[in-house]
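Worksheet: one structure, shown below.
The values are calculated or read from the model by the stated rules, or taken from the named source; none is laboratory data. Keep in mind it's a predicted model, so treat the numbers as computed, not measured. Virtual Cβ from ideal backbone geometry, glycine too; neighbours counted across all protein chains shown.
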Amino acid sequence: MLEQLVDGIFWDIALVVFFAGIAWRIVDVIRRPGRNDLAESRNSGISGAIMANIRGFFPRREISPRIRIHVIAGYMFHLGLFILLILAAPHVKFIEEHITGFGWTAMPYGVFVITAMISFAGLILLWIHRLLNPVSQLISRRGDHVATTLVFFVMLTGCMALAESSTGLRLFHRFTVELLMIYFPFSALMHAIMFVPSRAYTGSLFGRRGVKL
Amino acid sequence: MSTALERGVDMLKSQVDARVESYFSSCTRCGVCAEACLFYTETGDPRYTPIYKTEPLRKVWQNEHTLWGRLSTSLGLGESMTEKDLSDWEELVYDGCSMCSRCSMVCPVGIDIAYLIRKVKEGMAAAGFVPEGLQASSERALEFGSPMGLTAQSLRAATTALEKEHGIDIPIDVAGAEYLCMLSSSEVVLYSEFIAAISKIFSAAGVSWTLSSKYFEATNAGVQMGNSRIAAQLIERIVEVATELKVKTLISPECGHAYTTIRWDAPNILGRALPFNVVHIMELLDQLRAEGRLKTTGSFDERLTYHDPCNISRRGGVLTQPRHLLNQVAPNFVEMHETMEMNWCCGGGGGVSSNERAEPLRLKVFNIKKRQLDELNVTTLVTACSNCRTMLEEGMEENDMDISVVGITEIIADHLA
């Protein structure tokens, strides 16, 4: 019964909310008033937008020494999570069976464990920083902690379910993923998508003025 | 809710556009922006975190444009805005932000935080939460055409004195001139050597130019306080005199926000393209240099560095031109460690310099500039903004630093061939 719910209707609901929610948020940006810059440009705004999206992955030299924790922990968590998402054996199998119809070579178990440890460590470091740093403490909102908690449990249950020795653990993991998918479009987790237009808007503005972001 | 508060909230609601929506949707509250802000790095006070200064706008966005916000508001649990909020944030956005945009350069998700703070100011101004100094500046600008209260007579008195002192001719109200040079009031009363310098340079380079006695002010108190209506009125005056004098190009003087306003913001504030080109004086001098019309002789041998005015460099894109000019006459020109688009602000931009209440804070955050200068052991500091110049002079006076501050234009004029 529980298996049917988690693998069936809950999954379907999560998928619909996830994609419809993201689409709604994107449309919400596009439909807002936004007019063309009427000032004569010095350089291309389009190339500014593209370059800002690329350069944004690399912190500026001038600020790097002051934000080491953000950069190191941020890369540990995000890269680790991305690798786990597409290369963990159960994920490859799931994607092949339910989405693409084909798969690829999954990462070995040992590599999974190391990647998961690095990613977990990154997430925990970022969370501790959010809780203890006076700036992060002041600006963080309840939703930030909810999002971090959800991601933490998705990763934790994922590690527990990796061996696929227990249906219960697998269902637990899938259920946390479904909760995350439902929460995603209405939370700060949307930064995973919205950073693209955000960097593009600013990159375009500065690019037109001849300033590299 | 009082009428003033209602006006402020309504104005904030009207400020939510596609950029605001994507910016707030992508913010992860990481706090990286704090590390780029001199008001945070020099005070250690987390309230000066740039993104925190946008809280009034974020609250409005949260309540009106997010699922949880709408749900909470409909249940009476939304984050309400109070007059105290606006009162508290007045100090943060007017005293504790020079709109330098350094935070916008480092945000990992690309938020132009200065853009958001500018919008917060619109709400503050609509609700009447504007520092007295800025309010008074805007009133004088509207009444007299100058935030310092200067008039056409003030300009004529200054130019007549300069003509006698330097034996030069300063053209005023010459219709059909190629260039109309705007001024900031401080260039009329504090740094009139700028007017003498451009007069000598333009004469040597054969440039057809004029000043306008009807309206000479390039600065815009409306932009500084966050009132687009006043900003538009002041810009319209510039458009009017430039049109009357039939000039092709308008020169923005050595003033940071004046350049950003007339070059980049004015068409968007007015909703139409300007009927003339706009160049910063550094751009024009560099163009004359490249064309071989600006020839210099001798050199300025003191060890000097250049302070990038935020609105001219980071927000304006005039980055290489001052360096070309300095390299032509100053063999001992050295760069600061963090420079060009990542320079540190003088602390007085964005209207902070017109806000007497902010002076102790402004002088405290000058410490970052002091450290930069101490590292270089220079005797001269060059800049291209009269507001920066005043702020730098006051900061160095406060810290007993023996460094003279000059404008690039003066150095060039002193070495004309």
Matching option when the condition is at pLDDT below 95 and away from chain A (no Cβ under 12 Å), among B:G69, B:G78: B:G78
Looking at B:L180, B:L190, which is the one that is among the aliphatic types (A, V, I, L, M), out of contact with any Lys or Arg (no Cβ under 7 Å at 6 or more places or on another chain) and either modelled with pLDDT of 95 or more or in the same structural domain as B:V93 (by TED's automatic domain parsing) (or both)? B:L180
Of (1) of a type outside the set (S, T, N, Q); (2) out of contact with any helix residue (DSSP H, G or I) (no Cβ under 9 Å at 6 or more places or on another chain); (3) part of a helix (DSSP H, G or I), B:A232 satisfies every one except (2)
Hey, can you tell me all the residues within the stretch A:102-129 that are in contact (Cβ under 8 Å) with a residue 40 or more places away in the chain, more than 12 Å from chain B (Cβ to nearest Cβ) and farther than 18 Å from A:L162 by Cβ? A:G122, A:L125
Collect the residues in the stretch A:186-202 that are more than 7 Å from chain B (Cβ to nearest Cβ) and within 11 Å of the chain's Cα centre (by Cα), keeping them in residue-number order. A:L189, A:A192, A:I193
Output for the stretch B:258-282, where each listed residue is surrounded by fewer than 18 Cβ atoms within 10 Å (Cβ to Cβ), in contact (Cβ under 8 Å) with a residue 12 or more places away in the chain and at the interface with chain A (Cβ under 9 Å from one of its Cβ atoms): B:L270, B:N277
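Does A:V92 count as more than 14 Å from chain B (Cβ to nearest Cβ), surrounded by 16 or more Cβ atoms within 10 Å (Cβ to Cβ) and within 21 Å of the chain's Cα centre (by Cα)?
The answer is yes for A:V92.
Okay, residues lined up against (1) under 22 Å from B:S72 (Cβ atoms); (2) surrounded by 18 or more Cβ atoms within 10 Å (Cβ to Cβ); (3) at the interface with another protein chain (Cβ under 9 Å from one of its Cβ atoms):
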| position | (1), (2), (3) |
| --- | --- |
| A:L131 | no, no, no |
| A:L138 | yes, no, yes |
| A:L169 | no, no, no |
| A:F175 | no, yes, no |
| A:L180 | yes, yes, no |
| A:S204 | no, yes, no |
Quick one: would you say B:A197 is surrounded by fewer than 24 Cβ atoms within 10 Å (Cβ to Cβ) and in a helix (DSSP H, G or I)? no
If I go through the stretch B:43-56 residue by residue, how many of them are more than 8 Å from chain A (Cβ to nearest Cβ) and not in a loop (DSSP other than H, G, I, E, B)? 6
Candidates A:F57, A:F82, A:F77 - the one that is in a loop (DSSP other than H, G, I, E, B) and within 20 Å of the chain's Cα centre (by Cα): A:F57
For the stretch A:108-163, list the helices (runs of 4 or more DSSP H) that sit wholly inside it and hold at least 2 residues that are out of contact with any strand residue (DSSP E or B) (no Cβ under 8 Å at 6 or more places or on another chain) and within 21 Å of A:T176 (Cβ to Cβ); which are they? A:109-132, A:142-161
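Please specify each residue of the stretch B:229-238 satisfying the condition of being surrounded by fewer than 20 Cβ atoms within 10 Å (Cβ to Cβ) and touching a residue at least 12 places away in the same chain (Cβ under 8 Å). Don't jump to the end; show me each part of the working.
The initial filter retains those residues of the stretch B:229-238 that are surrounded by fewer than 20 Cβ atoms within 10 Å (Cβ to Cβ), namely B:229, B:232-233, B:236-237.
Correct list: B:A232, B:Q233, B:E236, B:R237.
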For the stretch A:12-54, name all the residues that are under 25 Å from B:L319 (Cβ atoms) and part of a loop (DSSP other than H, G, I, E, B). A:N36, A:D37, A:L38, A:A39, A:E40, A:S41, A:R42, A:N43, A:S44
When restricted to A:I9, A:I67, the only residue assigned to a helix (DSSP H, G or I) and either within 12 Å of chain B (Cβ to nearest Cβ) or surrounded by 13 or more Cβ atoms within 10 Å (Cβ to Cβ) (or both) is A:I67
I'd like the full set of residues that are in contact with a Ser or Thr (Cβ under 8 Å, 6 or more places away or on another chain) and not in a loop (DSSP other than H, G, I, E, B), limited to the stretch B:203-225. B:L211, B:E217, B:A221, B:G222, B:V223, B:Q224, B:M225
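Within the stretch A:34-53, track down each residue that is exposed (fewer than 13 other Cβ atoms within 10 Å of the Cβ) and either within 23 Å of A:A192 (Cα to Cα) or of a type in the set (K, R) (or both).
To start, the set of residues in the stretch A:34-53 that are exposed (fewer than 13 other Cβ atoms within 10 Å of the Cβ) comprises A:35-36.
Across the stretch A:34-53, the qualifying residue is only A:R35.
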If you take the residues in the stretch B:244-257 that are charged (D, E, K, R) and away from every other protein chain (no Cβ under 14 Å), which one is nearest to the chain's Cα centre (by Cα)? B:E254
Of everything in the stretch A:14-33, what is crowded, with 17+ Cβ neighbours inside 10 Å and facing another protein chain (nearest Cβ under 7 Å)? Give them in sequence order. A:R25, A:V29
Can you tell me how many residues within the stretch B:1-42 are within 12 Å of chain A (Cβ to nearest Cβ) and part of a loop (DSSP other than H, G, I, E, B)? 9
For the stretch A:140-157, give me the residue count where each residue is closer than 23 Å to B:S72 by Cβ, out of contact with any Ser or Thr (no Cβ under 9 Å at 6 or more places or on another chain) and more than 14 Å from chain B (Cβ to nearest Cβ). 1
